[in-house]
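Data block below; observations after.
The values are calculated or read from the model by the stated rules, or taken from the named source; none is laboratory data. Quick caveat, the model's predicted, so the values are computed rather than measured. All Cβ positions, glycine included, derive from the backbone under ideal geometry; neighbour counts span all protein chains shown.
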Amino acid sequence: MTNLGTDQNPLLVAIVGSGPSGFYAAEALIKSEVKVKVDVLERLPSPFGLVRSGVAPDHQKLKQAIKLYEKIAESPDFNLIANVTVGTDISVKELRDAYHAIIFTCGAESDRKLGVPGEDLKGSYTATEFVGWYNGHPDYRDREFDLSHDIAVIIGQGNVAADVSRILSKTIDELKHTDIAQHALDALAESKIKEIHVIGRRGPAQAKFTPKELREFGELSDCEPVVLEQDLLLNPESEKELEEKSNISSKKIYDLFCEFSKREPDTAKSKKCFFSFLMSPKELIGDTTLERIIFEKNKLSGESFKQSARGTGETIELETGILFRSIGYRGIPVEGVPFNESWGTIPNDKGRVTDSENNVVDQLYTAGWIKRGPSGIIGTNRACSVETVECLIQDLEKLNSSTKKSGAKAIYSKLDIKSIRHINFEDWKKVDTSEIELGEVKDKPREKYTSIHEMLSVIK
């Protein structure tokens, strides 16, 4: 058979997931020296993954990455097959039969658990479902959050925790011109929350916000950031961490906490957002609904940059009716693909999927959070995807098959037999245009469709 990667025998690659890592993988393949045809399979009718459904609505600049993804989609070698779930609508075996290689870029879709009694009480939620709800993700549009309580608690001190806290802290006037889902805007307008507590298990020197995210809390129109000066006392190991030039971001974050702690109380503001440290939840208490949380105070131990939080035995209680956990994310296994339950990732060697004995699995590759875990920013996924694609190209001779691969043609045939409606990028652009038009009426960037049925109705 003709060498793989030529005009006569193009390399056929399926990418599972249309978030940043999926698009960056497609870009790397299209820009490579081999002839490729790339089909990106997406569970929802809408592409772009967390850039669309994870980036906070009041951070529109971060969504500019979509313009690049749209440019990638213009390539004649790119094809979107959306509204199709791999593992259900189409199997991994069917993909392996149809393509020379498959790259899994399906992200980290579930939250890590606290692992404490009472975690499943009503009123205890994941950050993922709240973020998906206010961003109009179809999976979460029907969630209900009781915002009638005075106090809300967020466990975790990363940027997702910051997003959740900031959305709860903002006024409707600060949100109404964003692309927040209308159902969320309506519910937040009735919110009675006056105190938001953002709690980390380690100290202020280890908080994982970015300085820009944290600085925004000092600029809110009706919410005051609160940090107690005594909570900013550092052990020698933390002081050493902040002295490292490579750790400038953490130093900026600590300085912002210090600035917040020195502010005079602003009695004109009706809300307060408290940042607290060195506490871990031990138990969530309530009959059927969350009523209060028991926290254990922690102490750091270990050398600089390797400090862990150890419980001291001293506990405190905090009354609340609503909690969001944001302590990390994990992937979801796909049938027919190896999965590391401990890490919540697909085991791999530089993107080549490996089995339980660390042997490389032919045809299967991975990139993004499902490859390396939930780390980095949007742009971090580019280098991750490029590494994977470089390995795939190196394997070209091994991927050459004596059996002819049919790519999308074979997939369309199987989907049609099952009467599964699949949509392409041009179909999506109709939804995109309609959302923007609906948003213009409300002076918003867009008004998102929040159900698959609504999206498919627009496509006709």
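Yes/no per residue for (1) among the hydrophobic types (A, V, I, L, M, F, W, C); (2) under 22 Å from the mean Cα position of the chain (by Cα); (3) over 22 Å from Thr388 (Cα atoms):
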residue	(1), (2), (3)
Val86	yes, yes, no
Ile90	yes, no, yes
Tyr99	no, no, no
Glu109	no, yes, no
Lys113	no, yes, yes
Ala127	yes, yes, yes
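Highlighted here are the strands (runs of 3 or more DSSP E) found entirely within the range 101-212 that include at least 2 residues which are among the polar types (S, T, N, Q) and not assigned by TED's automatic domain parsing to the domain that holds Ile393: 124-126. The conditions of being in contact (Cβ under 8 Å) with a residue 12 or more places away in the chain, crowded, with 17+ Cβ neighbours inside 10 Å and closer than 24 Å to His100 by Cβ are not met by Arg446. Considering the conditions (1) polar (S, T, N, Q); (2) more than 20 Å from Gly49 (Cβ to Cβ); (3) surrounded by 16 or more Cβ atoms within 10 Å (Cβ to Cβ), Ser385 is excluded by exactly one of them, (2).
Would you confirm, using the coordinates I've provided, whether Val458 is β-branched (Val, Ile, Thr), in a helix (DSSP H, G or I) and touching a Leu at 6+ places or on another chain (Cβ under 9 Å)?
Here the answer is no, as Val458 does not meet what is asked.
For the range 218-264, the set of residues classified as part of a helix (DSSP H, G or I), surrounded by 12 or more Cβ atoms within 10 Å (Cβ to Cβ) and of a type in the set (A, V, I, L, M) consists of Leu232, Leu242, Ile253, Leu256, listed by residue number.
Do we have any residue at all in the range 392-413 that's in contact (Cβ under 8 Å) with a residue 60 or more places away in the chain and within 27 Å of the chain's Cα centre (by Cα)? The answer is yes; a qualifying residue exists. If you go through the range 96-109 and pick out every residue that is surrounded by fewer than 23 Cβ atoms within 10 Å (Cβ to Cβ) and either more than 25 Å from Met455 (Cα to Cα) or without any contact (Cβ under 8 Å) to a residue 40 or more places away in the chain (or both), you end up with 3. Does the range 265-306 hold any residues that are farther than 30 Å from Glu237 by Cα and assigned to a loop (DSSP other than H, G, I, E, B), and which are they? Selection gives Pro265, Asp266, Thr267, Ala268, Lys269, Ser270, Gly286, Asp287, Thr288, Leu290, Glu291.
Among residues of the range 235-249 that are in the same structural domain as Leu300 (by TED's automatic domain parsing) and within 16 Å of Pro211 (Cβ to Cβ), those with a Cβ under 7 angstrom from a residue that is among the charged types (D, E, K, R) and assigned to a helix (DSSP H, G or I), sequence gap 6+ or separate chain, pair up as Leu242/Lys251; Asn247/Glu241. Looking at Val55, Val40, Val16, just one residue is out of contact with any strand residue (DSSP E or B) (no Cβ under 8 Å at 6 or more places or on another chain) and either surrounded by 23 or more Cβ atoms within 10 Å (Cβ to Cβ) or more than 21 Å from Ser406 (Cα to Cα) (or both), and that residue is Val55. Please work out which one of (1) under 30 Å from Asp142 (Cβ atoms); (2) assigned by TED's automatic domain parsing to the domain that holds Ala28; (3) assigned to a loop (DSSP other than H, G, I, E, B) is the condition Tyr449 fails and give its number. Among (1) under 30 Å from Asp142 (Cβ atoms); (2) assigned by TED's automatic domain parsing to the domain that holds Ala28; (3) assigned to a loop (DSSP other than H, G, I, E, B), Tyr449 violates only (2). Annotation: of all residues in the range 309-354 being at pLDDT below 95 and hydroxyl-bearing (Ser, Thr, Tyr), the one that is nearest to Thr126 (Cα to Cα) is Ser326.
Only a single item in (1) among the hydroxyl-bearing types (Ser, Thr, Tyr); (2) in the same structural domain as Phe104 (by TED's automatic domain parsing); (3) assigned to a helix (DSSP H, G or I) is not met by Ser401, and it is number (3).
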